[in-house]
1. Of all residues being surrounded by 15 or more Cβ atoms within 10 Å (Cβ to Cβ) and among the β-branched types (V, I, T) in region 19-41, which is nearest to V4 (Cα to Cα)? Just the residue, please.
2. Select from region 158-188 the residues that are outside any helix (DSSP H, G or I) and either under 19 Å from F52 (Cβ atoms) or at pLDDT 85 or above (or both) and list them in ascending order.
3. Restricted to region 129-147, and to residues that are in a strand (DSSP E or B) and in contact with a strand residue (DSSP E or B) (Cβ under 7 Å, 6 or more places away or on another chain), which residue is surrounded by the fewest Cβ atoms within 10 Å (Cβ to Cβ)?
4. Going by the structure shown, is I116 modelled with pLDDT of 85 or more, among the β-branched types (V, I, T), surrounded by 13 or more Cβ atoms within 10 Å (Cβ to Cβ) and over 30 Å from R12 (Cα atoms)?
5. Just to be sure I understand, how many residues within region 124-157 are at pLDDT 85 or above and acidic (D, E)?
6. Inspect all residues belonging to region 74-95 and state whether any of them is over 26 Å from the mean Cα position of the chain (by Cα) and surrounded by 17 or more Cβ atoms within 10 Å (Cβ to Cβ).
7. Being among the hydroxyl-bearing types (S, T, Y) and either more than 14 Å from A138 (Cα to Cα) or in a loop (DSSP other than H, G, I, E, B) (or both) is the filter here; which residues of region 90-125 pass it?
Amino acid sequence: MSNVAKVLTDFRLLAGWVDTDQLSDANWIVLANKIYREVINTIKSKVKEDFFYDYWTADTVVWQEEYRLPIRIDWTQAWCTKLKWVSAKLLDADTKKTKFRPDTESNLPMDLNYYIANQSTADPFYIVSDMSVFIYPAPTEVITDWITLYWIADPQDLVSAWAESTILIPLEFHDILALWMIYLYYKTRLLTGEKNDAYNEYQAYLNKMISELSDRIEVPWISIMPDLTYLQ
């Protein structure tokens, strides 16, 4: 098992049996979440943006077109950093959800209020504005879990007592948290040589992680080349 508490144990061992007088558990988890956030952002930028994919459902309110996105109140919940798409049931009797298309206000000839009741159910669309998603047409029935938002998540911070499944970095790369913690610890102790060695080890492990996660996508992608015959 590689739960959050074990990451702490691994750090204390690998850094030379660092005890709680040298670094308390409370201070350790603050520093651990700094590297956790950095690793998450690195995976998003260098492996795949939607590696931390999630979805969220909401019940309908009749004639209500605005639905709040899952927003960051604090680090105790996941946060929607980008909305991928919206699907919804248009009627309670529907057996499947319809995928809405994205649109913008500038692309629409009528005032937005017009589309609340007049947009065709054959061509539903959504607009993202401030911290909400606006759907058109608005629902005419109350339906449980009527709307589903698929989004890229920014995971919540780790807590010491949490299980392995809460660490959203793949299991085989959990050691990266301990490696970065060793670097930070040596840095705070002004141990320059040890700090530099720890940083180099962390960077090598980070590059290994990025490479191996990128290699997991083995399905070939088809690339269509532009027609260049007119240049002949």
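The values are calculated or read from the model by the stated rules, or taken from the named source; none is laboratory data. In this text the structure is predicted, and so the values were computed from the model without any measurement. Neighbour counts are summed over all protein chains in view; Cβ atoms, including those assigned to glycine, are modelled from backbone coordinates with ideal geometry.
1. Across region 19-41, the extreme among qualifying residues is I29.
2. Pass one, region 158-188, residues outside any helix (DSSP H, G or I): 158-163, 167-170, 174.
The answer is L158, V159, W162, A163, I167, L168, I169, P170, H174.
3. First pass over region 129-147, keeping only residues in a strand (DSSP E or B): 129, 132-136, 147.
From the residues that got through so far, the ones that are in contact with a strand residue (DSSP E or B) (Cβ under 7 Å, 6 or more places away or on another chain) too are 132-136, 147.
On the way: S132: 14, V133: 22, F134: 21, I135: 24, Y136: 22, I147: 21.
The extreme case among them is S132.
4. On the way: modelled with pLDDT of 85 or more: yes; among the β-branched types (V, I, T): yes; surrounded by 13 or more Cβ atoms within 10 Å (Cβ to Cβ): yes; over 30 Å from R12 (Cα atoms): yes.
Taking the combined requirement at face value, the residue satisfies it.
5. Looking only at that region, the number is 1.
6. Of the residues in region 74-95, the ones over 26 Å from the mean Cα position of the chain (by Cα) are 90-95.
Add one more test, that the residue is surrounded by 17 or more Cβ atoms within 10 Å (Cβ to Cβ), and what stays is 90.
Yes, region 74-95 contains a residue that is over 26 Å from the mean Cα position of the chain (by Cα) and surrounded by 17 or more Cβ atoms within 10 Å (Cβ to Cβ).
7. Initially, region 90-125 is screened for residues among the hydroxyl-bearing types (S, T, Y), giving 95, 98, 104, 106, 114-115, 120-121.
If the condition is that a residue be among the hydroxyl-bearing types (S, T, Y) and either more than 14 Å from A138 (Cα to Cα) or in a loop (DSSP other than H, G, I, E, B) (or both), then T95, T104, S106, S120, T121 are the ones that fit.
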